[in-house]
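Novice: Sharing a structure with you now.
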Amino acid sequence: MITPELQSVLEQYNQGLSLYKKRQFQEAKMFFEKALEIIPDDGPSKLYLERCEHFIEEPPPEDWDGVFVMKTK
């Protein structure tokens, strides 16, 4: 059973992910932050929030296919 809290996080996360895939990182970041306000230890939202912050600072190339390439371990 999905709790109302989890349902709300899923909605925020899905909105953020959709924007992330459209390269709208600043907007996506806000949705991941909202998800983390509801469930602070939500791993996927934390991960994509970090990726948004990275891509805001260092935008991906124009031919970016949505894949995040790790440069450190």
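Throughout, read-outs are computed from the coordinates displayed, never taken from laboratory work. Everything numeric here is computed off the predicted structure, so don't read it as measured data. Glycine also receives a Cβ, built like all others from the backbone with ideal geometry; neighbour counts cover every protein chain displayed.
Novice: For K46, indicate whether it is surrounded by 13 or more Cβ atoms within 10 Å (Cβ to Cβ) and either more than 8 Å from the chain's Cα centre (by Cα) or more than 30 Å from P4 (Cα to Cα) (or both).
Specialist: Values: surrounded by 13 or more Cβ atoms within 10 Å (Cβ to Cβ): yes; either more than 8 Å from the chain's Cα centre (by Cα) or more than 30 Å from P4 (Cα to Cα) (or both): no.
No; evaluated as a whole, the condition is false for this residue.
Novice: Any chance you could count how many residues in region 8-20 are within 9 Å of the chain's Cα centre (by Cα) and either of a type in the set (A, V, I, L, M, F, W, C) or on the phi > 0 side of the Ramachandran plot (or both)?
Specialist: 2
Novice: Failed condition for R23, given (1) surrounded by 13 or more Cβ atoms within 10 Å (Cβ to Cβ); (2) on the phi < 0 side of the Ramachandran plot, with all others met?
Specialist: Here R23 meets the rest and fails (2).
Novice: Tally time: how many residues in region 21-73 are touching a Cys at 6+ places or on another chain (Cβ under 6 Å) and in contact (Cβ under 8 Å) with a residue 40 or more places away in the chain? Lay out the reasoning, then the answer.
Specialist: Here is the first cut: in region 21-73, the ones touching a Cys at 6+ places or on another chain (Cβ under 6 Å) are 25, 28-29.
Of the ones still in play, those that are also in contact (Cβ under 8 Å) with a residue 40 or more places away in the chain are none.
The qualifying residues number 0.
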